[in-house]
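The values are calculated or read from the model by the stated rules, or taken from the named source; none is laboratory data. Since the model is a prediction, treat every value here as computed from it, not as a measurement. Don't worry about glycine lacking a Cβ; one is built from the backbone with ideal geometry, like all the others, and counts go over all protein chains shown.
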Amino acid sequence: MNSVFLVEEMKVGLAVKLADADDFASATELEERVTELMNSNKGEAVRERAKAFQGFDLLRRELLGFLMAADFEM
C-alpha cells in the first residue's frame, strides 16, 4: 500500500521523511517517529485505529472462509 494512503486516509501510520533520493530514512528520523508513535497522543490514536483494523481483517478472513466453504458445498 501507498504510504500516503496509510498515513492520510486510513490514519494507521506516521509519515517518515526520507533522507535522500534512494528512499532511505535516517536513523534519527526513525527514532523520532517511533518515539512519537509510542509517547504522543497522535501515536496513541494511530495505535488504536490500527487495532480496530486488525479486528476487521479477522472478520474479513472468517467471512471469506465461510463463503468459500459454502461455495464448495453447493
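Computed quantities for the displayed model
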quantity: The range 22-35, subset among the acidic types (Asp, Glu) and loosely packed, with under 14 Cβ neighbours inside 10 Å, residue modelled with the highest pLDDT; calculated: GLU31
quantity: Filtered residues of the range 21-56 (kept if β-branched (Val, Ile, Thr) and within 17 Å of GLU8 (Cβ to Cβ)); calculated: VAL46
quantity: LEU37 in contact (Cβ under 8 Å) with a residue 12 or more places away in the chain and part of a helix (DSSP H, G or I); calculated: yes
quantity: Residues within the range 5-15 that are touching a residue at least 12 places away in the same chain (Cβ under 8 Å) and touching a Leu at 6+ places or on another chain (Cβ under 7 Å), tallied; calculated: 3
quantity: Which numbered condition ALA19 fails, given (1) part of a helix (DSSP H, G or I); (2) surrounded by 13 or more Cβ atoms within 10 Å (Cβ to Cβ); (3) at pLDDT below 90; calculated: (1)
quantity: The range 48-71 residues that are surrounded by 10 or more Cβ atoms within 10 Å (Cβ to Cβ), paired with ones that are among the charged types (D, E, K, R) and not in a helix (DSSP H, G or I) (beta carbon under 8 Å, 6 or more apart); calculated: ARG49/LYS11
quantity: Condition check for ALA25: free of Cβ contacts under 8 Å to residues at least 12 places away in the same chain, out of contact with any Ser or Thr (no Cβ under 6 Å at 6 or more places or on another chain), of a type outside the set (Phe, Trp, Tyr) and not in a helix (DSSP H, G or I); calculated: yes
